[in-house]
Amino acid sequence: MGSIVGIEPLAASAILTNNLSVALAMVAGGLLGGLGTLYILWNNALHIGAIAALVAQNSLAYPFWAFVSPHGALELPAILLAGATGLLLGQAILLPGRYPRPSALKRNGALAAQLMFGIVPLLVIAGIIEGFWSPNPLIPNSVKYLSGLGLFAALVFYLAWPIERSPTGERK
């Protein structure tokens, strides 16, 4: 958790690049009928679960989750949304419904692209937070927890905010 201190810009860019590549791989995994997406989601859940168990067994859960909380409040929902985006593409391939597969893929692909326009900024912000804020030993753990809670609440509030549309259905 403290290994980033002193190399924050390098760490933030490496973290950001990794998170974006995972998200893009999950979206691309949808083209395998969603199997690639499900594998990456499962693999990431397995890793975070193993790390959580390890830190809990060594009485490091409080500082570990204080480290994860600020950036995880945005990163984890963004990764889950990337997984949902990949599954949207998988659905178009496996269960196109009343549409021919190419049409379903085009339709769901447009929705996937819109989702990625929201996911990428979340991951960029999370990477910056993970590189500079989360590992900072000068910031008390309680402040890190509060910042994580605040960021998550802001994300939920933003996602729940209604979109105003004109009578023709276009965004205002």
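When 70, 121, 137 are screened for being open to solvent by 50 Å² or more (accessible area, probe 1.4 Å), in a helix (DSSP H, G or I) and not hydrophobic (A, V, I, L, M, F, W, C), only 121 passes. Of all the residues in the range 124-134, those that are in contact with a Ser or Thr (Cβ under 9 Å, 6 or more places away or on another chain) and open to solvent by 40 Å² or more (accessible area, probe 1.4 Å) number 1. Within the range 140-172, the set of residues being among the aliphatic types (A, V, I, L, M) and at pLDDT 95 or above comprises 143, 146, 149, 151, 153, 154, 155, 156. Scanning the range 12-44 for residues that are on the phi > 0 side of the Ramachandran plot and crowded, with 21+ Cβ neighbours inside 10 Å gives a single hit, 34. Close Cβ contacts (under 8 Å, 6 or more residues apart or on different chains) running from residues in the range 42-58 that are within 17 Å of residue 26 (Cα to Cα) to residues that are hydrophobic (A, V, I, L, M, F, W, C) comprise 44/22; 44/79.
For every residue, the table says whether it meets (1) within 25 Å of residue 155 (Cα to Cα); (2) charged (D, E, K, R); (3) at pLDDT below 95.
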residue	(1), (2), (3)
15	yes, no, yes
22	yes, no, no
34	no, no, no
39	no, no, no
56	no, no, no
62	yes, no, no
65	yes, no, no
70	yes, no, no
74	yes, no, no
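Of the residues that make up the range 79-99, is at least one under 28 Å from residue 141 (Cβ atoms), open to solvent by less than 90 Å² (accessible area, probe 1.4 Å), in contact with a Gly (Cβ under 6 Å, 6 or more places away or on another chain) and touching a residue at least 40 places away in the same chain (Cβ under 8 Å)? No, because not a single residue in the range 79-99 is under 28 Å from residue 141 (Cβ atoms), open to solvent by less than 90 Å² (accessible area, probe 1.4 Å), in contact with a Gly (Cβ under 6 Å, 6 or more places away or on another chain) and touching a residue at least 40 places away in the same chain (Cβ under 8 Å).
Listed by first and then second residue, the pairs linking a residue in the range 153-166 that is closer than 21 Å to residue 80 by Cα and surrounded by 10 or more Cβ atoms within 10 Å (Cβ to Cβ) to a residue that is at pLDDT 85 or above and not basic (Lys, Arg), with Cβ atoms under 8 Å apart and 6 or more places separating them unless they lie on different chains, are 155/73; 155/74; 155/77; 155/122.
The values are calculated or read from the model by the stated rules, or taken from the named source; none is laboratory data. Only a predicted model underlies this, so the values are computations on that prediction, with no experimental measurement involved. Backbone-built Cβ (ideal geometry, glycine too); neighbour counts: all protein chains shown. Surface accessibility is based on the protein's heavy atoms, side chains included, excluding ligands, DNA and RNA. Shrake-Rupley method; radii C 1.70, N 1.55, O 1.52, S 1.80 Å.
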